[in-house]
Amino acid sequence: MLLGSSLSLLWGTMRVMQTIVLFVSLREVPLPANANVFLGVFVEIQAIDLTRSEDLYNMWFEFIYTPPYNERFEHFKIDSMNFIMNQGSYLIYFVIIIIFNVLLFVLNKIALRCRRVECCRKFGVKINKKNYWHEIKAQNWKLFIEQYYEILLAATLGFISLFEGIDKFFGSTKLYNFICSLLTVTFVALCVYFPIWASRVLLETQKSSTNKLKMYYSVLYSDVTLKTRMTAMFHVIILYHKAVIVVMLVFLHEWPNFQFFLFLILETLYFAQLFVANPFLNKVERSMEVKNILAILVTVYCSHTFSYTGISPYSQ
C-alpha cells in the first residue's frame with residue numbers, strides 16, 4: 001500500500017486523519033472524556049506504527065530521559081521529546097526499503113548468472129529494475145512525504161529538548177544517545193530543506209520538455225498535472241501546510257483560540273487553491289480532496305465550538 005498505490009488516494013485519508021487527530025487532540029482546549037478516548041485511539045492509527053516501534057526502541061536502547069512537552073502531549077502518548085521515540089516506524093521503514101531493494105538487486109544478479117534456467121530467467125525479468133538506486137530514493141521520498149507530520153513534529157520536539165540540554169545529550173557516554181542527537185539535527189535540517197529542494201526541482205521539471213527528467217522526479221508530482229507551477233507543486237504545498245500546523249501546535253500552544261483562527265485561514269486558503277488550480281488528473285480525486293477539506297473544517301470548527309464545556313480534558 002505504501003510503496004505501490006496512488007499517492008493522492010493515500011494522501012486524502014492520511015491527511016484527514018493526521019490533521020484532525022493531531023490538531024484537535026494536541027490543542028490545549030477542554031474536551032469531554034469520550035472525545036479523548038476516541039482521539040487517543042486514532043492517534044495510534046494515524047501514525048501507521050505497524051511495528052510497535054516504541055516497544056522495540058525501549059528494548060534496544062536506554063535514552064536520556066526527556067519530559068513531555070506539556071500535559072496535553074503526554075495525555076496523547078507523546079510522553080517524551082526524544083526524536084527516535086516520537087518518529088514512529090519511519091526509520092524502520094527506511095531501513096526495510098534499503099534492504100529490500102538491495103536484496104532484489106542481488107537476486108537479479110544471481111538470476112542473470114543463471115539465465116539459462118527458465119524459472120531463474122522469468123524471476124529475473126520480474127524483479128528487474130533499470131536503476132535500483134533510483135528506486136530506493138523514490139520510495140524513500142514517498143515515505144518521507146507521507147510521514148512528514150510525524151517526522152517534523154518529532155524533530156521539532158527533539159530539537160527543543162536538545163537546545164535546552166545540549167551538554168547532556170552530546171556529552172553522553174552512550175553512543176546511541178549521540179546518534180539520536182545527530183539524527184534530530186539532521187532531520188530538522190532535512191524537514192526544512194526537502195520542501196525547498198522539491199520546489200526547485202518541480203519548477204525545473206514543469207518547464208522542461210525532457211521526459212527523462214519528468215520520469216525521474218515523478219513521485220514528487222504523482223497523480224497531479226504539470227500544467228502550471230501551482231499544480232506541479234501541489235504535494236510540496238501540502239508539506240508547507242503541514243509544517244505550519246506543526247509550528248502552531250508546538251510554539252502557539254498557549255493560545256488555542258489564535259491557533260484555531262490561523263488554522264481556519266490556512267485551510268480556507270488551501271480550499272480556494274484547490275478550486276483555482278485544479279491540480280488533479282481526474283474528477284474523482286478532486287472530489288475526494290474537496291470532501292476531505294470540508295471534513296477537516298467541520299470537525300475542527302465543531303470541536304472548537306463545543307470544547308468549552310467546563311469538563312476537564314483529562315477526566316476519565
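Computed from the coordinates by the stated procedures, all read-outs in this text should not be read as laboratory data. None of the values given here were measured: they were computed from a predicted structure. Heads up, the Cβs are rebuilt from the backbone with ideal geometry, glycines too, and the neighbour counts pull from every protein chain shown.
Things worth noting here:
- The VAL117 and ILE96 beta-carbon pair, evaluated with R₀ = 22 Å, returns a calculated FRET efficiency of approximately 0.15.
- Which of ILE151, ILE245, ILE237, ILE96 has the fewest Cβ neighbours within 10 Å, and the rest in rising order: ILE96, ILE237, ILE245, ILE151
- Percentage relative contact order, region 207-270, counting C-alpha pairs under 8 Å, at least six apart: 17
- Stretching the chain fully between VAL244 and GLN273 yields a gain of 8.8 nm (0.36 nm per residue, less the alpha carbon separation).
- Fewest-first ranking of VAL192, VAL236, using other Cβ atoms within 10 Å as the exposure measure: VAL192, VAL236
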